[in-house]
Amino acid sequence: MCSPGDEYLSFLSDAGCDPGVIEHCRVVRDVAIRIASDIAGAGIKVDAQLVAAGAILHDIGRSKTHGMGHADEGGIICRSLGFDESLCRIVERHIGAGLQANERAEFGLSAVDRIPETLEEKIVAHADNLVKGTRVISHEEFESSLERFDEPIRKRFLALANELERLKTPDPESS
């Protein structure tokens, strides 16, 4: 049985991603689709197909590098394949809860903001934060994984998680 986004799996192998990366992308897709479904169930419009595609392709740049530049590489690859800009931006903005220009410069990357803006970008970024390898981590593990970051970055991670959590809860005034 095919899952949403499966039609994009061949692009990962064609790009040269190893099987571990491909399996990670499948698990991130499953988590992202669950988040998108919960949000849609609360009455908020979300493009689940775009979420599935973005989650599958988010690490395609790991075919070139496993460093922080893999998101930029992924955007380049996705554009070369003719994918829609909305999908390319998901791939470029998926790292952590996004990186600001000054943070990217510290990693030797171009000094441009790569903060998730759309709901679909936010869902894929957060789903990736919840998957270590092929294992979905608990909320406690997620929070403890943030201890290695400076306070502003930690706050950004938590703000993203909290925003998506709030969206899952139906607004009682809209009923």
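The values are calculated or read from the model by the stated rules, or taken from the named source; none is laboratory data. If you're wondering where the values come from, they're calculated on a predicted model, not measured in any experiment. Here Cβ is always computed from backbone atoms with ideal geometry, including for glycine, and neighbour counts include all displayed protein chains. Remember, those area values only see protein heavy atoms, side chains included, never the ligands or the DNA or RNA. Shrake-Rupley method; radii C 1.70, N 1.55, O 1.52, S 1.80 Å.
Can you report the number of residues in region 114-129 which are part of a loop (DSSP other than H, G, I, E, B) and crowded, with 21+ Cβ neighbours inside 10 Å?
So the count comes out to 1.
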Unique match (being at pLDDT below 95 and outside any helix (DSSP H, G or I)) among C17, C2: C2
Extreme residue, most open to solvent (accessible area, probe 1.4 Å), among residues of region 70-86 that are closer than 24 Å to F107 by Cα and of a type in the set (A, V, I, L, M): I76
Filter pass, R156 being touching a residue at least 12 places away in the same chain (Cβ under 8 Å), farther than 19 Å from A36 by Cα and not polar (S, T, N, Q): yes
Filter result for L81 (over 16 Å from the mean Cα position of the chain (by Cα) and in contact (Cβ under 8 Å) with a residue 24 or more places away in the chain): yes
Test result for L12, within 13 Å of E120 (Cα to Cα) and either free of Cβ contacts under 8 Å to residues at least 12 places away in the same chain or touching a helix residue (DSSP H, G or I) at 6+ places or on another chain (Cβ under 6 Å) (or both): no
N162, sole failed condition from (1) out of contact with any helix residue (DSSP H, G or I) (no Cβ under 9 Å at 6 or more places or on another chain); (2) assigned to a loop (DSSP other than H, G, I, E, B); (3) at pLDDT 95 or above: (2)
Residues located in region 12-47, provided they are over 13 Å from the mean Cα position of the chain (by Cα), under 20 Å from V131 (Cβ atoms) and open to solvent by less than 60 Å² (accessible area, probe 1.4 Å): L12, A15, C17, G20, V21, I22, I39, V46
Residue among G54, G61 that is open to solvent by less than 20 Å² (accessible area, probe 1.4 Å), without any contact (Cβ under 8 Å) to a residue 40 or more places away in the chain and among the small types (G, A, S): G61
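Which one of these is basic (K, R), closer than 23 Å to R26 by Cα and open to solvent by less than 60 Å² (accessible area, probe 1.4 Å): R89, R93?
Working: R89 fails: open to solvent by less than 60 Å² (accessible area, probe 1.4 Å).
Testing whether each residue is basic (K, R), closer than 23 Å to R26 by Cα and open to solvent by less than 60 Å² (accessible area, probe 1.4 Å) leaves just R93.
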All helices (runs of 4 or more DSSP H) inside region 55-109 with 3 or more residues being at pLDDT 95 or above: 70-80, 85-92
